[in-house]
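Novice: Sharing a structure with you now.
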Amino acid sequence: MANQDFSLSGAVTVRPAQQKDAAPLHQFCFPERDSKEIADALKADLAKGSQTHRLVAEVSGYPIGQIFVKEDTNDPEIATVGDLVVSGPFRQLGVADHLMAAAEATAAENGAETLEIELPVSEKSVIQRYKDWGFSEKPLVVLQKALGAEPEADEEADAEEEAQEEQPVETGTEQQTLLED
């Protein structure tokens, strides 16, 4: 058979998720996850009073991508986006762009003025993609402490060095003058 060129066309529709989307989302977007886990998460997002809006992109009636928009419980002007996933064969067709545009519209309709997403620093290509959509990096420091763990020898030495660096430097009368004022 000789090679033949042909074109495919289809419409991508972005709409609110429905419970019946669980199985196709599992099949096309989250095959590595448990199907019950996906169904339960979708049910929770669709529950009355949920602050999460899940959107799906569908082609010919099949969900092939999804994203969620979650309202911030402390600040109604902030919404978080996440779980943006598009099935492999559709990734180069701009489906993620449509999902992001719909997420922005959904957030705005619900009173949000800012969208946020948290990503690991190691996800450089994903971070760049969000920057392409107009996101910018927010200066943030995340500190973490493991409870119940003994500090390692290097950590103890670092802590002692930091404590010594924080000690005020005696400069004679200048230091005394600063303290008296």
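Rule-based calculations on the coordinates, nothing more; no lab input. In this text the structure is predicted, and so the values were computed from the model without any measurement. Using ideal geometry, Cβ is built from the backbone for each residue, glycine included, and neighbour counts are taken over all protein chains shown.
Novice: Checking the a/c ratio against 1.5 first, then a/b against b/c, what shape does the Cα gyration tensor give for region 39-107?
Specialist: Note, shape of region 39-107 comes out oblate.
Novice: Could I ask something else about it? Write down Rg/Rh for region 53-148, rounded to two decimals, with Rg from the C-alpha atoms and Rh from the Kirkwood relation over Cα pairs.
Specialist: 1.02
Novice: For Thr114, Thr52, what's the fewest-to-most ordering of other Cβ within 10 Å of each Cβ?
Specialist: Arranged by neighbour count, lowest to highest, Thr114, Thr52 become Thr114, Thr52.
Novice: For Pro63, what is the net charge nearby, where nearby means another residue's Cβ is under 15 Å from its Cβ and Lys, Arg count +1, Asp, Glu -1?
Specialist: Net of charged neighbours comes to +1.
Novice: Based on the Cβ-Cβ distance from Gln128 to Lys48, what FRET efficiency comes out when R0 is 45 Å, to the nearest 0.05?
Specialist: Once the sixth-power term is evaluated, E becomes 0.75.
Novice: Quick check on my link table: of Lys43/Lys70; Lys48/Lys138; Lys20/Lys70; Lys70/Lys138; Lys20/Lys48, which ones sit more than 26 Å apart, alpha carbon to alpha carbon?
Specialist: As for pairs spanning more than 26 Å Cα to Cα, those are Lys48/Lys138.
Novice: How big, on average over all directions, is the shadow cast by the Cα convex hull of region 1-128, in nm²?
Specialist: Its average projected convex-hull area is 10.3 nm².
Novice: Let me know the shape class of region 15-69, please: from the alpha-carbon gyration tensor, a ≥ b ≥ c as square roots of the eigenvalues, rounded when a/c is under 1.5, otherwise prolate if a/b is greater than b/c, or oblate.
Specialist: Oblate is the answer for region 15-69, as a/c is 1.5 or above yet b/c matches or exceeds a/b.
Novice: Let me ask something else. Net charge near Pro139: determine it from the other residues with C-beta under 14 Å of the C-beta of Pro139, scoring Lys and Arg +1 and Asp and Glu -1.
Specialist: Around Pro139, the charge tally is -2.
Novice: With a 10 Å Cβ neighbour count serving as the proxy for reagent exposure, in which order, fewest first, do Thr106, Thr13 appear?
Specialist: The fewest-first ordering by Cβ neighbours comes to Thr13, Thr106.
Novice: Would you mind pulling out the separation of the Cα centroids of region 11-39 and region 105-140, in Å?
Specialist: 23
Novice: First select every other residue whose beta carbon is under 14 angstrom from the beta carbon of Cys29; then total the charges, Lys and Arg +1, Asp and Glu -1.
Specialist: Net of charged neighbours comes to -3.
Novice: Taking the Cα-to-Cβ direction at Glu116 and at Arg15 and moving 7 Å from each Cα, how far apart do the two end points lie in nm?
Specialist: The two pseudo-label positions are separated by 3.3 nm.
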